[in-house]
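What follows is a set of notes on a single structure, which appears directly below.
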Amino acid sequence: MPISPNQGSTGGGTVVTITGTNLGGATAVRFGTKTAAITANTPTSVTVVAPSGSGVVPVTVTTPGGTSNPLSFFYVGAPFKSALSAVTGATAGGNTITLTGTGLSTATSVSFGAESAVPTVVSDSQLTVVVPAGAAAGPVGVTVTTAGGTNNGLSYTYVDVPTIGTLSPSAGPASGGTSVTIAGTGLTTTQSVTFDGVPAPFSVTSDTSVTAVTPPGTAGAVDVVVTTSGGGATAADAFTYVAGPGI
């Protein structure tokens, strides 16, 4: 006599179907000492709403012909989330993040605002999930659903792909050391700035401005790339290294 699902929230409310034979006219379904509400009944199945409980309890069906053998039902506590490995990412989604907490072993979905994804359960305290695309840039709540219920309380921020407008100045000595202001959009979460592929120290001034100090380079025009949690932007041949004088 199978039971599906065989686990549910300690708070009750899980819809459970028990299948077998001679189940018609069921008068009671008990989860341990508690009686469940019967919502549907046929000769081969009984559907009920599980009462609240804890631990593992025996489930029995009583009909005019007697009481069935017991089946096990596992009560699961609500999940608790403690942290996300990344709290920002591209609006396009596609990046994998790790979520840690407790009671995660039965997780079936993780929602980012209105968008949901199916997670990969690593352990009761950890799961990974590929972030779905967001409807727009901005913060959304993160909700985990398990057999024990749902839990929210963490936030994830979708970030638009950055753009680069102008560099000032747009030229400097090949020895490096030039302070360059990069104007653009979506620069708040800047993670790196490179000149011709070489990382440069930088500071974020605002969502539309980043200041970087050029590393040493080879004379000529080079690409400048700004990478944020929303993606990368490339300004081709945007900065020119100028060779020093020789005598």
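The values are calculated or read from the model by the stated rules, or taken from the named source; none is laboratory data. Treat the numbers as computed from the prediction; the structure is a model and nothing was measured. So basically every Cβ, Gly included, is an ideal-geometry build from the backbone, and we count neighbours across all protein chains shown.
A few notes on this one:
- Hits in region 1-57 - residues which are under 22 Å from residue 104 (Cβ atoms), in a loop (DSSP other than H, G, I, E, B) and among the hydroxyl-bearing types (Ser, Thr, Tyr): 10, 14, 52, 54
- Checking each residue in region 212-231 for being surrounded by fewer than 16 Cβ atoms within 10 Å (Cβ to Cβ) and touching a Ser or Thr at 6+ places or on another chain (Cβ under 9 Å) picks out 216, 219, 220, 221, 223.
- The single residue among 91, 108, 100 that is over 29 Å from residue 227 (Cα atoms), under 14 Å from the mean Cα position of the chain (by Cα) and modelled with pLDDT under 95 turns out to be 108.
- Checklist (1) touching a Phe, Trp or Tyr at 6+ places or on another chain (Cβ under 8 Å); (2) within 17 Å of residue 141 (Cα to Cα) applied to residue 73, failing item: (2)
Every residue, every condition in (1) farther than 23 Å from residue 150 by Cα; (2) touching a strand residue (DSSP E or B) at 6+ places or on another chain (Cβ under 6 Å); (3) modelled with pLDDT under 95; (4) not small (Gly, Ala, Ser), yes or no:
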site	(1), (2), (3), (4)
36	no, yes, no, no
52	no, no, yes, no
74	no, yes, yes, yes
78	no, yes, yes, no
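- Of all residues in region 80-92, those that are within 16 Å of residue 153 (Cβ to Cβ) have Cβ atoms under 9 Å from Cβ atoms of residues that are β-branched (Val, Ile, Thr) and at pLDDT below 90, 6 or more apart or on another chain, in 80/102; 81/102; 82/102.
- Where residue 40 falls short, out of the listed (1) under 23 Å from residue 152 (Cα atoms); (2) at pLDDT 95 or above; (3) surrounded by fewer than 12 Cβ atoms within 10 Å (Cβ to Cβ): (1)
- Hits in region 3-28 - residues which are over 26 Å from residue 150 (Cα atoms) and of a type outside the set (Ser, Thr, Tyr): 20, 22, 23, 24, 25, 26, 28
- Selected residue (only one of 12, 77, 24 is surrounded by 12 or more Cβ atoms within 10 Å (Cβ to Cβ), touching a residue at least 60 places away in the same chain (Cβ under 8 Å) and more than 30 Å from residue 229 (Cβ to Cβ)): 77
- Taken as a whole, region 16-29 holds no residue that is under 30 Å from residue 155 (Cα atoms) and either modelled with pLDDT of 95 or more or of a type in the set (Ser, Thr, Tyr) (or both).
- Within region 179-189, restricting attention to residues that are crowded, with 20+ Cβ neighbours inside 10 Å and at pLDDT 95 or above, the residue that is nearest to residue 89 (Cα to Cα) is 187.
- Search result, residues across region 58-73 that are on the phi < 0 side of the Ramachandran plot and either in a strand (DSSP E or B) or not assigned by TED's automatic domain parsing to the domain that holds residue 24 (or both): 58, 59, 60, 61, 62, 63, 67, 71, 72, 73
- The set of residues in region 197-211 being crowded, with 18+ Cβ neighbours inside 10 Å and in contact with a Phe, Trp or Tyr (Cβ under 8 Å, 6 or more places away or on another chain) consists of 210 alone.
- Pair list, Cβ under 9 Å, 6 or more apart: region 106-120 residue under 15 Å from residue 81 (Cβ atoms) and not assigned by TED's automatic domain parsing to the domain that holds residue 96, other residue of a type in the set (A, V, I, L, M) and buried (at least 17 other Cβ atoms within 10 Å of the Cβ): none
- Residues in region 99-115 that are outside any loop (DSSP other than H, G, I, E, B) and under 13 Å from residue 156 (Cβ atoms): 99, 110, 111, 112, 115.
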